[in-house]
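First the structure, in the form of structure tokens, and then the observations on it.
The values are calculated or read from the model by the stated rules, or taken from the named source; none is laboratory data. In this text, all values refer to a predicted model and were calculated from it rather than measured experimentally. When we count neighbours, we look across all protein chains shown, and the Cβ atoms used for this are built from the backbone with ideal geometry, even at glycine. Protein only, heavy atoms only, side chains kept; ligands, DNA and RNA dropped before computing areas. Shrake-Rupley method; radii C 1.70, N 1.55, O 1.52, S 1.80 Å.
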Amino acid sequence: KSTTNVMKLIAFRSDEDLDACDQDSVASSVDSTAEEMFIDGLDPVLDGPSLDIYSPEEDCDLEASPQQKKRARLSSTSSAERDDRENENDGSNEKWHSSDDADVEPPHLVFKPVQKPGPQILPNRCSSSLQFFQLLFPKKIWQTIVSHTNGYGVKCKEKKGKVWEYICQSDLKSYIALVIYMDMFKCSSLTDYWSESEHFSLPFPAKIMSYQKFLLISKALHLSDCKEDEKNSSRRGTAAYERLGKIQPLYQVIREACKTIFHPFQNITIVERMVISQDRTGLKQGVKNESPNIGFKLFALTDCTCGYTWDFFVYEGKSCASQNVGLSYESVMALVDENLLGSGYKLFVDKFYTSPTLFRDLLGKNIYACGPVWPNRTGFPKTTVSRLSKNASCGTMRWIRDDDLLFEVQMCSTFHKAYQGDTVQRKVKGDAHRTLVEVPIPAVVLDYN
């Protein structure tokens, strides 16, 4: 985000001889229906046809909202393929229980992280912003980028019979510094940063680097080896083709650095992010109802205590694995590594990821899980006996236990016990005005919030 505006300005000034060396065909990597379901928080493998939460008699006076209709349409896709999986879960529990019914205590896991949670770097080692920045950009990566940028620049300039001006690590660091500076001080055009007008001028950029050199580095900046790019390009269309080949060197270094310098506390979560990019690849995705910008979609494992990103990966589109177990399952398992994290962690996820299969497999890795769940997701209890009615009073709850899984008020958890007496204050409408009252709340909802 911090470099988006700057790189857009640079993109418009692309040098033709450099630009011609980097033409990638854009191939669709995601089925349109599956991608639309993903944006709407649905998994095409795990989400079946929308279920009637209430009986037809209770619902006869209601009209489904546009979003509910869309969910029903999307989730009904390939429903025949999921019927067998859904029927396996029918009758797993005879009825929904009320808050007055006793529940069994779930299995207790001792929290044993591989390392002591928190920063793994001694405080006296980092006393400035630059030193923290260098933790993610170690010395070896600077030389790698400089070498690949020079190699790419020479290759493209030779095609035009021109000579490439080699850059050094100091040049690259100056370039990165200017990119950060440009995000802090906004100008309408790139040339304004080097303006010599008596009415408007910024002295800092010209002291660091000339406009011509900044533009030169921008157009030749390369993270991967040109020879390796050519070999990888020849494998296009095969299973051996690496779609992230051009960012792999920096991509993997930053991922390892994130895991090395910090260890998560007990509560962790999975989030999705979008990194805006001008790159011409088939990996770009859109952000629904937010922006026309497109870029790389990331899945990240973050610490709930401080928001630190411990690990992440770039979504490369549909794969054979995600077609069998679902993208939501696959993305969580790719990030939650019990050998690197430890045992007893509590993973909190949203509706897209929550599934009985995932939660049971995580528990097999000695990792707890908790999150809201769609009622039409594979594995959700299908029984309607004693279920919650739509006109139930505030604080009324129902729950079902299916072995290690607790389903309570459309939440699912492997480490909570059904209602334990917790309450919260809620405004309840009275005869004249709203008043604050103590309302029962399940522990699973309280912890998730």
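Listed residues 350, 422; which is touching a helix residue (DSSP H, G or I) at 6+ places or on another chain (Cβ under 6 Å) and of a type in the set (D, E, K, R)? Give the derivation first.
On the way: 350 fails: touching a helix residue (DSSP H, G or I) at 6+ places or on another chain (Cβ under 6 Å).
Among 350, 422, only 422 is touching a helix residue (DSSP H, G or I) at 6+ places or on another chain (Cβ under 6 Å) and of a type in the set (D, E, K, R).
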Can you confirm whether region 294-311 contains a residue that is open to solvent by 30 Å² or more (accessible area, probe 1.4 Å), closer than 24 Å to residue 46 by Cβ and either modelled with pLDDT under 95 or among the small types (Gly, Ala, Ser) (or both)? no
Only one of 382, 351 is modelled with pLDDT of 90 or more, open to solvent by 20 Å² or more (accessible area, probe 1.4 Å) and farther than 22 Å from residue 116 by Cα; which? 351
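Listed here are the residues, each with its yes/no results for (1) among the aliphatic types (A, V, I, L, M); (2) farther than 13 Å from residue 443 by Cα; (3) not in a loop (DSSP other than H, G, I, E, B).
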position: 370; (1), (2), (3): no, no, yes
position: 374; (1), (2), (3): no, yes, no
position: 391; (1), (2), (3): no, yes, no
position: 394; (1), (2), (3): no, yes, no
position: 406; (1), (2), (3): yes, no, yes
position: 415; (1), (2), (3): no, no, no
Give region 417-430 a look and list any residue that's in contact with a strand residue (DSSP E or B) (Cβ under 6 Å, 6 or more places away or on another chain) and over 17 Å from residue 443 (Cβ atoms), or say none. 427, 428
Residues of region 199-229 being open to solvent by 60 Å² or more (accessible area, probe 1.4 Å), within 19 Å of residue 183 (Cβ to Cβ) and part of a helix (DSSP H, G or I), in sequence order, are 203, 204, 206, 207, 208
Among residues of region 246-268, those that are closer than 24 Å to residue 329 by Cα and either open to solvent by less than 30 Å² (accessible area, probe 1.4 Å) or among the small types (Gly, Ala, Ser) (or both), counted: 5
Would you be able to say whether some residue in region 179-195 is open to solvent by 60 Å² or more (accessible area, probe 1.4 Å), β-branched (Val, Ile, Thr) and assigned to a loop (DSSP other than H, G, I, E, B)? no
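Quick one: which helices (runs of 4 or more DSSP H) sit completely within region 43-156 and have at least 3 residues that are modelled with pLDDT under 70? I'd like the intermediate steps shown before the answer.
Values: elements: 56-59, 66-75, 79-87, 129-136.
Answer list for region 43-156: 56-59, 66-75, 79-87.
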So residue 341 ticks every box in (1) open to solvent by 50 Å² or more (accessible area, probe 1.4 Å); (2) out of contact with any helix residue (DSSP H, G or I) (no Cβ under 9 Å at 6 or more places or on another chain); (3) within 20 Å of residue 109 (Cα to Cα) but one. Which box is left unticked? (1)
Checking residue 129 against (1) surrounded by 15 or more Cβ atoms within 10 Å (Cβ to Cβ); (2) free of Cβ contacts under 8 Å to residues at least 24 places away in the same chain; (3) within 28 Å of residue 302 (Cβ to Cβ), which single condition isn't satisfied? (1)
For region 387-396, name all the residues that are out of contact with any helix residue (DSSP H, G or I) (no Cβ under 7 Å at 6 or more places or on another chain) and either of a type in the set (Lys, Arg) or at pLDDT 85 or above (or both). 387, 396
